[in-house]
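What follows is one structure encoded as structure tokens, with my remarks underneath.
The values are calculated or read from the model by the stated rules, or taken from the named source; none is laboratory data. Because the structure is predicted, anything quoted here is derived from the model rather than measured. Here the Cβ is made from the backbone with ideal geometry for all residues, glycine too, and neighbour counts use every protein chain on show. Protein only, heavy atoms only, side chains kept; ligands, DNA and RNA dropped before computing areas. Shrake-Rupley method; radii C 1.70, N 1.55, O 1.52, S 1.80 Å.
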Amino acid sequence: RVHGDFTLPQKMAARRSVPLVDLKANYQEIKAEMDTAIHAVLDSAYYIGGPQIKTFEDEWAAYVGVGHSVGVSNGTDAIFLALEAIGVKAGDEVITQANTYTATVFSITRTGATPVIVDVDPDTMMIDLAAVRAAITPRTKCILPVHLYGMCCDMDALMALAREHNVRVLEDASQAHGCKWAGRKVGVFGDIGAWSFYPGKNLGAYGDAGGITTNDAEVARMLKMARNMGQEKKYYHEFVGYNHRLDTIQAAVLSVRLRHLDEWNARRVAIVARYNAELAGVGDLVLPKVPAGCEPVWHLYVVRTGAQMPLHDFLAAAGVGVGIHYPIAIHETGAYKDTLGATGTFPVATAASKQMVSLPVHPNMSTEDVDYVVAQVKAFFERK
């Protein structure tokens, strides 16, 4: 069967188990290609700083459309290093959104700066630009939009707001590999971009990995030193740096998987097209709304319902892998309830955390898998 411009893989036998993510199936699809790349690293024994790192960095920069890419240890460290690279420090404020994953805010705290969270748009769940404008103060150093679920906010409007107030922009694109705004890939709009290559991402490694993209050659040079103990030449440490390097094996894995990213993203788009067609009007489901101008890559397919946990549990019992991204807003976590929790209630993000259910959307789903998920969702709402 064909959906959009892409034919989903077919499976002849009916399946009653549909995982939220299927990394085993994904590996099998590219096994020969991947094994060759990994064994090349093993044969060389060049585990740290091998040539595969620069190869991937160059490939990723070209794919995103920026001048420079710096591989690092994970997405959390990518955000932290990127914030430091644009001068964020103690006494500064960084604005981000209340429905992000904790790593975004942890990284702000780690710099010594103060995280300032704002609510999100009630339709798209992207950062609310009116709330951002209201939150800007003389201490604001950076706006940090998070491209959740594989989509993004109006980046033209956000950049105009940043320029108006002379503040920097760091794009947290950890869930948006290949997403576009107005025809350009995210990661090119801000002063700098941070990426997670966690295994379950659209572009994921086989372990922890992250990256930073920028058009500033000097920023890239300093980031490469910062990730490697503050050194450009071995044992000559120019400043206090970190051990936040990207491993050679992970770089090799990412180069292989990058070759397939556009195809895999197209499969995700096809799956979501079928979900949208089949689930429209079912129960009280609120389907994802994409901001006009955004071309999403659907890292997650997040629906909202007043029956969050009953639907979650029903689907799990039927063999459907489901998730909640995320079950608690950042200002309600134990880490921040005494600080950020005192700064506001953020009603949209708070309410959404009690409504969201993530359905499976990954490139190794078959048409039968998608239809089974749809059937189970409908069965839940058809119960008497």
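General remarks:
- Length added when fully stretched, residue 383-residue 123, from 0.36 nm per residue minus Cα-Cα: 90.8 nm
- DSSP beta bridges in the chain [antiparallel fraction, %, rounded to 5]: 65
- Across the accessible surface of the chain, with the other protein chains kept in place and a 1.4 Å probe, carbon and sulfur atoms take up 55 percent.
- At R0 = 22 Å, FRET efficiency that the Cβ-Cβ distance of residue 343 and residue 164 yields, to 0.05: 0.40
- Solvent-free Debye scattering, log10 I(q)/I(0), computed from the Cα coordinates of the chain at q = 0.07, 0.11 Å⁻¹: -0.32, -0.79
- Two-site label geometry, residue 218 and residue 20: point separation in nm, points 7 Å out along Cα→Cβ: 4.4
- Working from label points 7 Å from Cα in the Cα-to-Cβ sense, the residue 262 to residue 157 distance is 3.0 nm.
- Efficiency of FRET from Cβ geometry, residue 134 and residue 231, R₀ 41 Å, rounded to 0.05: 0.45
- 1.4 Å probe accessible area per residue over the chain, in Å²: 41
- Rough spin-label spacing in nm, given labels placed 7 Å along Cα→Cβ, for residue 243 and residue 109: 2.4
- Helix-only mean residue ellipticity at 222 nm for the chain, each DSSP H run of n ≥ 4 adding -39500 (n - 2.57), per residue, nearest 500: -11500 deg cm²/dmol
- With contacts taken as Cα pairs under 8 Å and at least 6 residues apart, the chain reaches a relative contact order of 24 percent.
- Long-range HN-HN contacts of residue 168 with modeled amide H, under 5 Å: 142, 143
- ³J(HN,Hα) computed for each position of the range 175-183 - Karplus, 6.51 cos²θ - 1.76 cosθ + 1.60, integer Hz, glycine/proline x: 10, 9, 5, x, 4, 10, 10, 6, x
- FRET efficiency for residue 282 and residue 27, using Cβ-Cβ distance with R0 set to 41 Å, rounded to 0.05: 0.75
- Filter on 31/201; 180/201; 201/289; 31/289; 54/89 - keep pairs with C-alpha separation over 24 Å: 31/289; 54/89
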